[in-house]
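Contents: one structure, followed by commentary.
We did not get these values from a lab; they are worked out from the coordinates using the rules stated. All figures in this text were calculated on a predicted structure; none of them were measured in a lab. So basically every Cβ, Gly included, is an ideal-geometry build from the backbone, and we count neighbours across all protein chains shown.
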Amino acid sequence: MTTGNRGLFLDLAGTLVKMDETRQLPIDRLGNVSVELLTGVREKLAPIRDCLIFVVTNQAGVKRGRLRLEQVEAAIVEVDRQLGDILSGWKICPHDDSDRCGCRKPAGGMMQELAGTYGVDLAASTMVGDQEIDELAARAAGIGSFVCASEFFGWDDAGR
Ligand SMILES: [Mg+2]
Ligand SMILES: [Zn+2]
């Protein structure tokens, strides 16, 4: 018998928001993370009512001193504001590979932790991301389906 909420787990950079040429969150001249939603993201997510929506993001830049955890949190809060307060929660991995943590994708820790907190049935849930590590992380967490961001948001090859 299945119980629990369905979750929609979303990667951040390259999935919800634009990234820079190093595939990281863009930082402006004042040192702030600039948040720019990708095409179709708001339109696609706004009507969703049948699942809890989460952001799960690797931010090794925190470990490497490129940005602070609070800046990443502020960026996600801003994303949520632009999306109309649709997020139920989020997880940030501030580590890099050398930390061997259980949260950095392709590990499944962030989604599993959110599932525990919010009563999410992972097998009934979906993950959306722009990289293979997102798909691997979905599998590691036991998430039932993965959809690449370009398909989910309807981007053509020309981009976002
Ligand atoms: Mg990404
Ligand atoms: Zn981690």
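So, counting K/R as plus one and D/E as minus one, what does the shell of residues with Cβ under 9 Å around residue 90 add up to? Please report the intermediate quantities before stating the final value.
Values: positive: 91; negative: 73, 80.
In short, -1.
I need the GluC sites (Glu not before Pro) found in the stretch 14-68, filtered to DSSP loop residues with at most 10 other beta carbons within 10 Å of theirs. Before the final figure, lay out each step's value.
Details: sites: 21, 36, 43; in loops: 21, 36.
Sites meeting the loop and neighbour criteria: 21.
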Is the stretch 1-76 best put as rounded, prolate or oblate by its Cα gyration tensor, with a ≥ b ≥ c the root eigenvalues, rounded for a/c under 1.5, and otherwise prolate when a/b is larger than b/c, oblate when not? prolate
Determine ³J(HN,Hα), in whole Hz, for all residues of the stretch 6-18 in sequence, where each value follows from phi through the Karplus function 6.51 cos²θ - 1.76 cosθ + 1.60 and θ = phi - 60°; x replaces Gly and Pro. 7, x, 10, 9, 10, 5, 9, 6, x, 10, 9, 10, 5
Amide hydrogen neighbours beyond the local backbone of residue 91, cut-off 5 Å, H modeled: 55, 56, 57
If each part is reduced to its alpha-carbon centroid, the stretch 57-98 and the stretch 3-38 end up apart, in Å, by 8 Å
No partner Cβ under 4.7 angstrom, meaning no disulfide-compatible partner by this rule: which Cys of the chain qualify? 51, 101, 148
Tell me, what ³J(HN,Hα) does each residue in the stretch 143-151 have, in order and in whole Hz, if you take phi through Karplus 6.51 cos²θ - 1.76 cosθ + 1.60 with θ = phi - 60° and put x for Gly and Pro? 6, x, 9, 10, 10, 6, 4, 4, 6
Can you pull a Stokes-Einstein diffusion coefficient for the stretch 84-150 at 20 °C (1.002 mPa s), Rh from Kirkwood over Cα pairs, as a whole number of µm²/s? 174 µm²/s
Can you list which of the trypsin sites (Lys or Arg not before Pro) found in the stretch 1-77 are DSSP loop residues with at most 12 other C-beta atoms within 10 Å? 23, 29, 49, 64
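Loop only by DSSP, 11 or fewer other Cβ within 10 Å of the Cβ. Give me the chymotrypsin sites (Phe, Trp or Tyr not before Pro) in the stretch 12-119 that pass, ordered by residue number.
Values: sites: 54, 90, 118; in loops: none.
In loop regions of the stretch 12-119 (DSSP not H, G, I, E or B), there are no sparsely surrounded chymotrypsin sites (Phe, Trp or Tyr not before Pro).
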Over the chain: helical MRE at 222 nm, DSSP H runs n ≥ 4 each giving -39500 (n - 2.57), nearest 500: -8500 deg cm²/dmol
Please report the base-10 log of the normalised intensity I(q)/I(0) for the chain, using a Debye sum with one equal scatterer per alpha carbon and no solvent, at each q in 0.15, 0.16 (1/Å). -0.76, -0.88
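If you take every DSSP beta bridge fully contained in the chain, what fraction is antiparallel? Give it as a percent rounded to 5.
Working: 3 of 22 bridges.
Approximately 15 percent, going by the DSSP bridge assignments.
Would you list 105, 91 from fewest to most Cβ contacts within 10 Å?
On the way: 105 25, 91 18.
Lowest to highest Cβ neighbour count: 91, 105.
Hey, with R₀ at 35 Å, roughly what FRET efficiency would residue 123 and residue 81 work out to, going by the Cβ-Cβ distance, to 0.05?
Efficiency at R0 = 35 Å is approximately 0.65.
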